[in-house]
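Shown below is the structure under consideration.
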Amino acid sequence: MPDNEYNVSRETPAPSVSQGFDDTPIAAAAARASEVLTPGGAGRLPRPPAPRIMTIANQKGGVGKTTSAVNLAAGLALHGLGVLVVDLDPQGNASTALGIDHRKPGIASVYEMLLDEVPLRDAIQRSPSSDRLYCVPSTLDLAGAEIELVSMVARESRLRNAIDMELLTELDIDYVLIDCPPSLGLLTVNAMVAAREVLIPIQCEYYALEGVGQLLRNIELVQAHLNKDLHVSTILLTMYDGRTKLADQVAAEVRGHFGEKVLSTIIPRSVKVSEAPGFGMTIIEYDPGSRGSMSYLDAARELAMRGVAEGRNGS
Ligand code: ADP
Ligand code: MG
């Protein structure tokens, strides 16, 4: 498949206002990436009317949840939007990719937010990647949280209660992306109760849809009992290998199943994408002109263009 068949942003009108990028490494990357993407500048993407809180979930491991969370976040931030990534996986890979030292003793993390009611204000950190990119890191303590939460009051709503909407407004945060662990336990349920939207990354490989039925049933349960606003808004196809027929078959099957919810942009399989977190970087900083970077920028743009109509979480 030629490159441009899945790079929709070239047909998407360029956002109009271009202003005030900061001088962090990601902004330097922006200059190069934006030239290729939209001659004349990356510009700004529209802000949603209220912060969009999105859970990135799929109980299958290795489908690109974390990679998509950090790179979509970086793409949105690059285009002028404020983004918070909540790292809800004890492995802390999202924190690492965003350049946050989550092994430093004594830092407040998502664990303390969930278990000890530490306020978001104390756990949030700014990523060195961009002035507009924030992260609540996770620590290994979180591995015990699934069990510790069981006996707690409001155990499913603790993340929702911890997300301080006033602080989001104060920091101009437009997107909250919650990176889920590869399970459907209480951490993922907390993410689903806190969010309004679910983004499901699906890998273009064998058994791509395996487990997705179970995930959808869990989303329905949460919707019925805990969060009536929850819905699957976005499907992102990841790790597409154009050399295999299978990848096209999977993409077609997923589109047949989910229709409009599937972003037109497909993330290609690329070694660069997998190398970036090893340097504490998003792909957009690590190799801005690469296909992986371009496709995450395209996907971020698509997400933002679609999201103008999405409203405030839970109200
Ligand atoms: P999950 O969070 O769903 O477990 P990850 O985002 O951690 O999945 O991705 C799993 C592995 O695949 C990681 O090693 C990651 O670097 C790699 N990976 C993710 N997306 C791509 C891609 N587009 N191309 C190549 N490798 C990728
Ligand atoms: Mg992950």
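In region 124-243, what % of DSSP beta bridges are antiparallel (nearest 5)?
Of those bridges, close to 20 percent are antiparallel.
List the aspartates and glutamates whose alpha-carbon lies under 17 Å from that of LYS245, not counting same-chain residues fewer than 8 positions away?
Straight-line reach from LYS245, under 17 Å: ASP3, GLU5, GLU205, GLU253.
Going by Cα centres, region 228-292 and region 101-160 are how many Å apart?
27
Say R0 is 51 Å: what FRET efficiency, to the nearest 0.05, do SER151 and LYS272 get from their beta-carbon distance?
That gives a FRET efficiency of 0.70.
Only loop residues by DSSP count here, and only those with at most 13 other Cβ atoms within 10 Å; note down the GluC sites (Glu not before Pro) in region 90-192 that meet that.
Numbers: sites: GLU112, GLU117, GLU146, GLU148, GLU156, GLU166, GLU170; in loops: GLU117, GLU156.
Within region 90-192, the qualifying GluC sites (Glu not before Pro) (loop, at most 13 other Cβ atoms within 10 Å) are GLU117.
I've got another one for you. Across bins of 5 angstrom width beginning at 0, how are the C-alpha pair distances of region 146-217 distributed, in whole percent?
3, 13, 21, 21, 16, 13, 8, 4, 1
Over all directions, what mean area does the Cα convex hull of region 60-186 project, stated in square nanometres?
Taking a quarter of the hull surface, the average projection is 7.2 nm².
Distances longer than 29 Å among the Cα atoms of region 108-263: what percent of all pairs is that?
Result for the distance tail: 27 percent.
A follow-up question, please. At q = 0.19, 0.25 Å⁻¹, what log₁₀ I(q)/I(0) does region 205-294 have when each alpha carbon counts as one equal point scatterer in the Debye sum?
-0.97, -1.16
List the chymotrypsin sites (Phe, Trp or Tyr not before Pro) in region 187-256 that DSSP assigns to loop (not H, G, I, E or B) and whose Cβ has at most 14 other Cβ atoms within 10 Å. Which are they?
In loop regions of region 187-256 (DSSP not H, G, I, E or B), the sparsely surrounded chymotrypsin sites (Phe, Trp or Tyr not before Pro) are TYR206, TYR207.
With a 10 Å radius around each residue's Cβ, average the other Cβ atoms per peptide and rank 61-68, 270-277, highest first. Can you show the working numbers first?
Working: 61-68: 22.6, 270-277: 17.5.
Peptide ranking by packing, descending: 61-68, 270-277.
Just tell me which lysines come within less than 18 Å, Cα to Cα, of LYS272; anything on the same chain fewer than 8 places away is out.
Qualifying lysines at Cα under 18 Å: LYS65.
Less than 21 Å apart at the alpha-carbon level, and either on another chain or at least 8 residues along: which lysines does that give for LYS60?
LYS261
Just so you know, all these numbers are worked out from the coordinates, no wet-lab data involved. From a predicted model like this one, the values you see are computed outputs, not experimental measurements. Positions of Cβ are generated from backbone atoms using ideal geometry, with glycine treated the same way; all protein chains shown enter the neighbour counts.
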